[in-house]
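Right, one structure below, let's go through it.
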Amino acid sequence: EIKIYILKYRPVNVYISGEVKKPGLYKIEYSGNSVNYNNDNELSYDTVPKLYNSIQIAEGVTSIADLSKIQIIRHNSKTQGGGKIKANINLLALILEGDQSQNIRIYDGDNIIVPKSKLLIKEQILTINKTNLSPNIITIFISGNVIEPGPIKLKKGSSLIQAIASSGGKKLMSGKINLIRFNDDGTITKNNFKY
């Protein structure tokens, strides 16, 4: 009589596309150094890669993402009939109501698609920005008449004055501040401010 137990799972490869900050192919590790089993010798649910973690690894979603209609495309095993299966997941229910059933397990070869929302949903954007779904640090670039020009990492939601102060502040005889923002949709926003 031979009993076989899994010592360690290999990482899963998933492709994340659509309205995420960094779409692409990702390798997601199982959390922890060893596999945890419950009393029935089943794999502990906390160690497996989940949908929420996958979107975090892709650095969160854009402001026009529709989290209520995320698509997961998965290869169906030959014993289950083969082909591909597709599921629609409402991750917004997890964020707004704490519905953990929407945070499904991710398997090797899954394709995660975050669609674009037809409407800009203000409540959704505000709720997402309060969660840890998107990174808490942003990178900006400061140039011109400041003490230390170059790239600077700031907390999400920092003000323009905090950004300038983090570069050592502006030098004497400086004029107006020009702000150039590259938006997710490819447009550019330009503003001038008095300091």
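No lab work stands behind these numbers, since they all come straight from the coordinates. What you see is a predicted model, and the numbers here were worked out from it, not measured in a lab. Backbone-built Cβ (ideal geometry, glycine too); neighbour counts: all protein chains shown.
Taking K and R as +1 and D and E as -1, what net charge do the other residues with C-beta under 12 Å from the C-beta of residue 178 add up to? Local charge sum for residue 178: +4.
Between beta-carbons, use under 14 Å as the cut-off and find the net charge around residue 76, counting Lys and Arg +1, Asp and Glu -1.
Numbers: positive: 74, 78, 84, 86; negative: 108, 110.
Net local charge, residue 76 excluded: +2.
Packing, taken as the mean count of other beta carbons within 10 Å per residue, orders the peptides 57-66, 158-167, 2-11 from highest to lowest as 57-66, 158-167, 2-11. What the Cβ-Cβ distance of residue 75 and residue 53 gives, at R0 = 22 Å and to the nearest 0.05, is a FRET efficiency of 0.60. The alpha-carbon of residue 176 sits under 18 angstrom from the alpha-carbons of these lysines, leaving out residues fewer than 8 places away in its chain: 190, 194.
Taking a straight line from the alpha carbon of residue 156, these lysines sit under 19 Å away, with near neighbours fewer than eight places off in the same chain left out: 21, 22, 122, 130.
Once you list every other residue whose beta carbon is under 15 Å from the beta carbon of residue 190, what net charge do they have if Lys and Arg are +1 and Asp and Glu are -1?
Details: positive: 176, 181; negative: none.
Here the charged neighbours net out to +2.
On the basis of the beta-carbon distance and an R0 of 41 Å, residue 118 and residue 166 show a calculated FRET efficiency of 0.60.
Here the extension length gained between residue 63 and residue 22 equals 13.4 nm, from 0.36 nm per residue of separation less the Cα-Cα distance. For residue 58, nonlocal amide neighbours, meaning residues 5 or more places apart or on other chains whose placed amide H falls under 5 Å from its own, do not occur.
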